[in-house]
Amino acid sequence: MVDTGLPIRVVLAKLGLDGHDRGLKVVARMLRDAGMEVVYLGLRQTTDNIVAAVEQEDADVVGISMHNAGHLTLGPLIVKALGEAGLAVPVVIGGIVPDADLPELEAAGVAAVLGPGASVEEVVTTVRSAAGRDGST
Amino acid sequence: MEAPEPGAGSSAVAELAGASRSGDRRATARLLSLVERGGDPADEVASATQAHVGEAHVVGITGAPGSGKSTITNSLTTLLAEAGRRPAVLAVDPSSPLTGGAILGDRVRMSGASEAGVFIRSMATRGHAGGLALAVPGAVRVLDAAGFDPVVVETVGVGQVEVDVTAAADTTVVVVAPGWGDAVQANKAGLLEVADLFVVNKADRPGATDARRNLDLMLDLSTAITRPGTGRPSITMTTATEGDGIGELAAAVAGHLDLLCEGGELGQRREKRRIAEVRAHLEHLLAGAADEALTTEGLQPVQASESPMMAARRLARKLLG
């Protein structure tokens, strides 16, 4: 294998007390099967933990899954925490997010939002494009 | 700090190495990515860090899937960080042979260490067999040069013969869990032969004392598996989820380093490691050349009159001149 570059590295986590991690596991598998390296943090992560992981893992994208309506609080919080750490890493939110909340998340700097109906292709394309690596793994 | 792109030149890499040494974790992370990338950027990182390596105690932690390697790594490095040390972890998980993707899940069990300030980097094997990634020794040097000590290398979950870790670590810890096998398993060749220290984890579960007894029996029967210079491997009982036995393990790990230093074995092991690393890279290059040769030979590299072995010899002659 020729070392032409690195696979896209994605940190996946759930932030706070939301315990619904099936979706996150499914997305991890989708991204793995698309040739990406998924650093899986799992449940009940703190912003500090996520920021440390993004920094140490030299991640290209961070994906946060939210199913408990915390996205308007926690989405901007993680974007802010990453910014304060000097990490310009795009945040993709997956989970249950009403359309009405999308503009507010976008304004807060969230790169993209993936809902429950998102196809494999949509998930992979969104993450690639957030990483600025359209058309690659 | 701006990350240099590959080929950005050695001055940018030297700048990153300087920042990494003064504690900039992002710079350390970038250097690790360059090492993983391989080729010229990795060479530049090697040159920029080589003056500052050799200080860290490199501890390998290996064992079967589910034996508790990540949890032990978490408890051990948390304990060391709280005692004022600066541990770092390289946690290796397998890449998919089909897509090259990977799910690196070791951090799931390492929240405690992360909160205690331990630097943790997940690495995919990227096609390398043997329990580690090809880039591990280079990555260990980056962490060593950044002032981390010890550097703990956690392998993928291994079976019986993936013993690469011994070629990457000063001290190899082999973790087993109750029910891992009987005395016959213990007497088979492979993983158990390379241990400097044993851990029986999940010691609160039934069968833990049996596991210990089987290991002891194996050690009693063998003179060959005592690795040079450091005597009979000790066995530590742990319940890593509770932190039980982790203090003893930390003492055993430190004690092993003392033995290595006293006997002059440390230098010898490190010399062997350099050779093993050269060999691993050489194999990688030769494997690449073999793939290329097979591709250029088209779909029928084996001619009708040849056995596969004969075809391989013919191609090897061609490759090696």
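Normalised radius of gyration for region B:272-320, please: alpha carbon Rg relative to 2.2 N^0.38 Å, two decimal places.
1.40
What whole-number volume per residue, in cubic angstrom, does the convex hull of the C-alpha atoms of the protein assembly as shown give?
Cα convex hull per residue, to the nearest whole number: 173 Å³.
Let a ≥ b ≥ c be the square roots of the eigenvalues of the Cα gyration tensor of chain B; is it rounded (a/c under 1.5), or, if not, prolate (a/b larger than b/c) or oblate?
oblate
Please list the radius of gyration and Dmax for region A:10-68, considering alpha-carbon atoms only, with Å as the unit.
That works out to 10.8, 30 Å for Rg and Dmax.
To the nearest whole number, what is the average tally of beta carbon atoms from other chains within 10 Å of the beta carbons of peptide B:116-124?
Per residue, the average neighbour count from other chains is 4.
Please determine, in degrees from 0 to 90 and to the nearest 10, the orientation of helix A:71-84 with respect to the longest principal axis defined by the Cα atoms of chain A, where the helix direction is its Cα long axis.
50 degrees
How would you rank A:43-56, B:112-125, B:133-146, highest first, on the average number of other Cβ atoms within 10 Å across their residues?
The peptides rank, most packed first, as B:133-146, B:112-125, A:43-56.
Which of rounded, prolate or oblate describes region A:29-105 when judged by the alpha-carbon gyration tensor and an a/c cut-off of 1.5?
Oblate is the answer for region A:29-105, as a/c is 1.5 or above yet b/c matches or exceeds a/b.
Per residue of B:25-31, what is the mean number of Cβ atoms on other protein chains within 10 angstrom of that residue's Cβ?
The mean count of partner-chain Cβ atoms within 10 Å per residue comes to 3.
Simple spin-label model, 7 Å along Cα-to-Cβ: A:Glu122 to B:Asp220 in nm?
Once both label points are built, they end up 6.5 nm from each other.
Given springs between every Cα pair under 10 Å in a Gaussian network model of chain B, which of B:Gly68, B:Gly147, B:Gly207 has the largest fluctuation?
Highest fluctuation of the listed residues: B:Gly207.
Where a Cα-Cα gap under 21 Å defines reach, which lysines qualify for B:Lys202, not counting those fewer than 8 residues away within the same chain?
Partners found: B:Lys69.
So how tilted is helix A:22-33 from the main axis of chain A? Cα-based, degrees 0 to 90, rounded to 10.
Once rounded, the angle reads 20 degrees.
What number comes out for the charge environment of A:Ile8, summing +1 per Lys or Arg and -1 per Asp or Glu over other residues with Cβ under 9 Å away?
The answer is +1.
With unit charges on the beta carbon (Lys/Arg positive, Asp/Glu negative), name the residue among B:Ala139, B:Ala81, B:Leu282 whose Cα is farthest towards the positive pole of the charge dipole of chain B.
B:Leu282
Which helices, counted as full DSSP H runs in chain B, have an axial Cα extent of no less than 24 Å and a Kyte-Doolittle average of 0.5 or above?
B:246-263
If the reach is capped at under 13 angstrom between alpha carbons, list the aspartates and glutamates near B:Lys318, excluding any in the same chain fewer than eight residues apart.
Within the straight-line limit of under 13 Å, B:Lys318 reaches these aspartates and glutamates: B:Glu292, B:Glu297.
For the pair A:Ile96/B:Glu306, report the inter-label distance in nm, with labels modelled 7 Å from Cα in the Cβ direction.
Here the answer is 6.3 nm between the modelled labels.
Cα to Cα, under 16 Å, and not fewer than 8 places away if on the same chain: which lysines meet these conditions relative to A:Lys14?
A:Lys14 reaches A:Lys25.
Please give the FRET efficiency for B:Ala289 paired with A:Asp48, using the beta carbon to beta carbon distance and R0 = 35 Å, rounded to the nearest 0.05.
Given R0 = 35 Å and the Cβ-Cβ separation, E is 0.15.
Taking every residue in A:57-70, how many Cβ atoms of other protein chains lie within 10 Å of its Cβ, on average?
2
Laboratory data are not the source of any read-out in this text; all were calculated from the coordinates shown. Here the structure is a predicted model, which is why all the values come from computation and not from measurement. All Cβ positions, even for glycine, are placed from backbone atoms using ideal geometry, and neighbour counts span all protein chains on display.
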